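Report on the following structure.
The values are calculated or read from the model by the stated rules, or taken from the named source; none is laboratory data. The structure presented is a predicted model; accordingly, all values stated were derived computationally and were not measured. Cβ placement follows ideal geometry from the backbone for every residue including glycine, while neighbour counts extend to all protein chains displayed. Just the protein is used for accessible areas: all its heavy atoms, side chains included, with ligands, DNA and RNA removed. Shrake-Rupley method; radii C 1.70, N 1.55, O 1.52, S 1.80 Å.
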Amino acid sequence: MKIEKQGIDFYHQHGYLLVDGLFSYEEIDLMKEQLPSLYAQDSPRLVRETNGEVRSLYGLHEVSDVYKELCSLERLLQPVKKILDSDAYVHQTKINIKKAFKGDWWEWHQDFPYWHIYDGMPAPRVVSVMIFLDDISDLNGPLYMIPGSHQIGIADFQQKDSIEKQEEEKYYLSALSANLEYTVEQKILSNWYKKNGMVSATGKAGSALFFHGNVFHASNCNLSPNDRRVFIITYNSTENTLKKGEKVRPSFLSNRDFTPLNPVKGSWFQKHQLEKNIIS
Ligand code: SIN
Ligand code: MN
């Protein structure tokens with residue numbers, strides 16, 4: 001599936017583009033089958049909710065061939081390269097779990113400030129793709145966005161009473177937990193909401209949401225009986241590689257291999273199905 005100019009124009013105007021059915025159910029099953037063994041490893045890549053459930057798993061492209069090769073698929077890279085108007089590489093990947101009854105929220109924030117401040121990413125020439133691993137409705141914690149808000153640049157941060165102090169070597173957790181360090185000031189949010197409203201990204205498993213690093217976004221707890229899992233790939237322009245940031249975060253949060261990705265057509269799913277059949 002090729003994303004046409006109309007889709008790219010929509011993205012630039014609104015800061016996001018939702019594409020239904022970019023992946024088949026079989027392909028989504030292949031992605032989900034990898035998860036139990038990845039969760040089983042106790043690792044700093046794994047972030048837990050305060051209730052102990054897995055919240056996120058980072059850097060899947062470093063530990064799983066299925067996820068690594070997925071990042072280079074032409075159906076993702078074609079629109080990404082059009083959006084960025086350049087070659088692209090992977091800055092970060094993660095799975096957000098948002099488990100049935102247990103998954104916690106993501107407060108209103110922009111992604112780019114974290115990458116700019118922590119990692120030294122110069123400009124918001126960065127796009128994330130959220131692949132839906134489950135059906136997502138208004139009931140199981142979809143992503144909310146304020147259309148057009150990416151045009152603001154970096155918005156002022158909300159003053160917070162308490163950012164949990166993390167242990168020194170786990171400083172980066174305040175960018176990953178339910179109590180986020182940099183959130184958008186509520187007055188700014190209200191003004192943009194009055195102007196442009198709010199949308200929620202819903203759709204069947206296999207849909208994909210392309211969203212801008214500066215678009216205001218958030219999501220609610222999942223009180224429904226259905227999991228809401230998403231795989232997110234963040235692509236940065238090869239003309240926007242990282243300088244020195246405040247911190248040097250681990251590679252699973254901030255990849256510093258800037259080699260451009262070459263688009264790969266088709267064979268990813270068949271290859272891994274074949275491997276699975278040989279092993280079983
Ligand atoms: C994010 O802000 O990176 C994702 C939020 C979500 O999974 O709902
Ligand atoms: Mn985010």
- [ ] Could you list, in sequence order, all residues of segment 178-199 that are farther than 18 Å from Asp156 by Cβ, open to solvent by less than 40 Å² (accessible area, probe 1.4 Å) and at pLDDT 95 or above?
- [x] Gly197
TODO: Would you point out the residue of segment 222-251, among those that are within 16 Å of ligand 2 (Cβ to nearest atom) and within 21 Å of Ala178 (Cβ to Cβ), that is farthest from the chain's Cα centre (by Cα)?
DONE: Arg249
Open item on the list: Considering only residues that are of a type in the set (Val, Ile, Thr) and either surrounded by 20 or more Cβ atoms within 10 Å (Cβ to Cβ) or within 13 Å of ligand 2 (Cβ to nearest atom) (or both), which ones fall in segment 114-144?
Closed with: Val126, Val127, Val129, Ile131, Ile136
Open item on the list: Given the criterion surrounded by fewer than 19 Cβ atoms within 10 Å (Cβ to Cβ), out of contact with any Pro (no Cβ under 6 Å at 6 or more places or on another chain) and among the hydrophobic types (A, V, I, L, M, F, W, C), identify the matching residue among Leu38, Leu73.
Closed with: Leu38
Task: Hits in segment 97-120 - residues which are in a strand (DSSP E or B) and farther than 26 Å from Thr238 by Cα - done: Trp106, Glu107, Trp108
- [ ] Considering each of Leu253, Leu223 in turn, give the residue that is open to solvent by 50 Å² or more (accessible area, probe 1.4 Å), in a loop (DSSP other than H, G, I, E, B) and within 24 Å of Glu49 (Cβ to Cβ).
- [x] Leu223
- [ ] Evaluate the following for Leu46: is it within 21 Å of Phe269 (Cβ to Cβ), open to solvent by 10 Å² or more (accessible area, probe 1.4 Å) and of a type in the set (A, V, I, L, M, F, W, C)?
- [x] no
Task: From Asp135, Asp156, Asp161, Asp119, residue being charged (D, E, K, R), away from ligand 1 (no atom under 11 Å from the Cβ) and without any contact (Cβ under 8 Å) to a residue 24 or more places away in the chain - done: Asp161
Open item on the list: So if I check each of Lys98, Lys68, Lys81, which one is among the basic types (Lys, Arg), modelled with pLDDT of 95 or more and within 16 Å of ligand 1 (Cβ to nearest atom)?
Closed with: Lys98
